[in-house]
Each structure stands twice: as structure tokens, then as C-alpha cells.
Amino acid sequence: MALLDIDGLSVAFRTRRGELQALRNVSLSVEKGEIIGIIGESGCGKSTLINSIIGLLPANVSAVSGSIRFEDENIVGMTEAGLRRLRGERITTIFQDPMTALNPVLSIGTQMTAIQYRRPESLAVKRRRAIDFLERVRMPDAARRLDQYPHQFSGGMRQRICIAMALLTEPDLLIADEPTTALDATLEVQVIRLLRELQRDIGCSVMFVSHHLGAVADLCERVAIMYAGEVVEQGTVRDIFRDPRHPYTRKLLECDPGRLTEMQDTLPTIPGEVPDLVHIPEGCIFRSRCPDEFARCGERPSPETVGPGHRAACHKARELGTP
Ligand SMILES: Nc1ncnc2c1ncn2[C@@H]1O[C@H](COP(=O)(O)OP(=O)(O)O)[C@@H](O)[C@H]1O
Ligand SMILES: [Mg+2]
């Protein structure tokens, strides 16, 4: 059984222009112990997806349908108490800006022991565990630095502290929302190596959200490609990078000549505009930017299975394969 099983998830927000359909019919699962990458341009719904999983959707959400099963519970419709039990303990998060997760007026030691409040252990044991996790993220002189404050660390070190904090409770699922976007390339490589190593030790699943193709190829086993609120393709890293079947995925890779080897900061630019999510056009969502458009694209394609676990929402998914 998958650890997380998202089925037909749709989320809409109330806006002054009308209802904005941020996610439409998203189905995606995360197996125990796997690292899955979520790729998509800004505004494609990555954060809305994450916020749905951790039960922290903004106040103007107007409709949520579908289900998000975490083991045998449905997160959609769960009580706040239920969500709090999962969040920060079984499902933890790291974000682009480490300062959003760290309290500037408390030492990191205080913060790292406070998040262990559910464990019936002495403060000394909790401090020792905090030091152990700081050492695991390669913090030099961890025991001494435990009593320092967030501003006394560099950006890269702060992100390592966040990783240590997110893994300290040994979660089942770590969600990382663009955790390396603010770091330079060398630091990014280091953070990705650390994530992989710690994930192996702890055995948790990781959902790694990024617009950095190289980083995703390097870290993940499986990938989901999102476009304008939909998952348009999903499969193994090999499926996605070697045999992409959705024209959007193909475009992303075409614009990225380095493919798996070169590290690239942002997604390539594809001509045309993302559709207005308040007025969703009929038919395929990628139609207006698609080089392969044909008559049938006026009908909305449903995800076609083109191989084991490899699905693409395109009428041409089968023909577009590499011969
Ligand atoms: N609270 C909100 N109210 C209205 N629209 C929102 C809200 N949050 C996100 N959106 C819209 O939903 C879409 C998806 O946003 P988001 O999930 O933040 O994308 P991403 O994280 O991929 O950049 C975008 O069109 C964004 O403008
Ligand atoms: Mg986002």
C-alpha cells in the first residue's frame, strides 16, 4: 500500500475575478521510502498540492474534492486535531527560505528540543539527539553551535538546520518545497547529497518540489510533471527524461540541452501563456502552447498508461514515444 495516495484532488480558491481552479483532478501516489520529484512552472499548483497534504490551505479556499489518503486516513476533511497529529511529526516540511521555519529569537538548541515535545525523554537526551542530527547534516562543532541563534549561521547552514529539524522526528514523509532554490550550485549539490543520505538512513519518503530538472534527476526515483493545475505526466526518472510522452515534458527537456548532466537554475521558457485558471479553456490544458495540437485536442485527454507506472495526459501519448 502506498504511504500517500492522492486521488482526483481538485482545489479552488475564491478570487475577485471568480473561482480559480488551482488543482484539477490530481492523482498521484508516494510509496514508502521513495523520493518523488514534482516539477512545474511557477503557478502550476505545487504549493497548493503541498498545502493540501499538510492541511494548511489558505482561508479563501472555496472547494476541495477528491481524497488524500495517508496510510488509512483521509486528510481531506480531517479535523484540525488530526492534522496537527500528522504535521510536524509524521509529515514534515522544509521550504525555500529557512528563516520561515526558524524562530529568530530562540537558539536552535531550544527549537530542536522543543519539536521533540512528544517524546517522554529528558532534556539531555533531546539535546544529544539534536546534536546528532546537526552532525548528520555536517554542522561543524555542533555541540557548541547548538546554543547559537539562527542569524549566527549562513544561509546554507540554516537550510541544513531545517533539514535536521524536519528529520529529527523521523517522519514518514518529508515534503521539500524548493529547498535548494535560494542556494548556489555548489551548496545545492551538497544539500541534495545530504537529503539522499539521510533519507536512506531514516527510510522516509520524500516529495521534492523543484523547478530544477537536474536536481530532480539527480535525487528522485519518480517524477510528476505539473502544468496549470494538472499532473500531465508521471513516471520513473528514466521514463520522464529518456522517453517523455507529454508535449509539455518534451518541451521542458528540449529547452534544457544539458539534460541530466548540466545543472540549471530555472525551467526553460516555453513560448505562449499558461491559461487563465478562472476561465479554464475546453479540451487539453496545454493546447494553446502545444506544437503537436490536432483536432482531438478539443476533447480533454485523460491520463494514458504508456508503460508500468508511466502515464501521460495526451491523445498522442502513444505515438510520441521514441522509436
Ligand atoms: N490563496 C489563493 N487565492 C487565490 N489564488 C491562489 C491562492 N494561492 C494560489 N493561488 C493561485 O493558484 C495557482 C497555483 O498556485 P501555487 O500552488 O502557489 O503554484 P506554485 O507553487 O506551483 O507556484 C496560481 O494560479 C496561483 O495564483
Ligand atoms: Mg510554490
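The values are calculated or read from the model by the stated rules, or taken from the named source; none is laboratory data. Predicted model, so just to flag it, every value in this text is computed and none were measured. Positions of Cβ are backbone-derived with ideal geometry, glycine not excepted, and every protein chain shown enters the neighbour counts. Keep in mind that these areas ignore ligands, DNA and RNA; they rest on the heavy atoms of the full protein, side chains included. Shrake-Rupley method; radii C 1.70, N 1.55, O 1.52, S 1.80 Å.
So, of the residues in segment 32-44 that are touching a strand residue (DSSP E or B) at 6+ places or on another chain (Cβ under 7 Å) and open to solvent by 10 Å² or more (accessible area, probe 1.4 Å), which turns out to be nearest to ligand 1 (Cβ to nearest atom)?
Glu34
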Residues in segment 233-252: is at least one at pLDDT 90 or above, buried (at least 24 other Cβ atoms within 10 Å of the Cβ) and polar (S, T, N, Q)?
yes
Counting just the residues of segment 73-113 that are without any contact (Cβ under 8 Å) to a residue 24 or more places away in the chain and open to solvent by 60 Å² or more (accessible area, probe 1.4 Å), which one comes out farthest from ligand 1 (Cβ to nearest atom)?
Thr110
I'd like to check something: does segment 43-56 contain any residue that is out of contact with any helix residue (DSSP H, G or I) (no Cβ under 7 Å at 6 or more places or on another chain), assigned to a strand (DSSP E or B) and either more than 16 Å from ligand 2 (Cβ to nearest atom) or closer than 30 Å to Asp184 by Cα (or both)?
no
Just checking, does segment 87-100 include any residue being of a type in the set (Asp, Glu), modelled with pLDDT under 95 and not in a helix (DSSP H, G or I)?
yes
So which of Gly66, Gly18, Gly33 is in contact with a Cys (Cβ under 9 Å, 6 or more places away or on another chain) and either charged (D, E, K, R) or away from ligand 2 (no atom under 16 Å from the Cβ) (or both)?
Gly33
Determine the pairs where a residue that is over 14 Å from Ile6 (Cα atoms), located within segment 42-60, has a partner that is assigned to a helix (DSSP H, G or I) and within 12 Å of ligand 2 (Cβ to nearest atom) with Cβ atoms under 6 Å apart, the partner being 6 or more residues away or on another chain.
Leu57/Asn51
Only one of Tyr117, Tyr149 is within 30 Å of Val30 (Cα to Cα) and open to solvent by 70 Å² or more (accessible area, probe 1.4 Å); which?
Tyr117
Test of understanding: among Cys162, Cys220, Cys204, which residue is among the hydrophobic types (A, V, I, L, M, F, W, C), away from ligand 1 (no atom under 16 Å from the Cβ) and within 14 Å of Asp97 (Cα to Cα)?
Cys162
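Out of curiosity, is Phe13 away from ligand 2 (no atom under 16 Å from the Cβ), open to solvent by less than 40 Å² (accessible area, probe 1.4 Å) and on the phi < 0 side of the Ramachandran plot?
So Phe13 fails the test.
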Sole exception among (1) assigned to a loop (DSSP other than H, G, I, E, B); (2) open to solvent by less than 80 Å² (accessible area, probe 1.4 Å) for Val306, by number:
(1)
Subset of segment 163-182 (residues that are open to solvent by less than 10 Å² (accessible area, probe 1.4 Å) and not small (Gly, Ala, Ser)):
Ile163, Leu167, Leu168, Pro171, Leu173, Leu174, Ile175, Pro179, Thr180
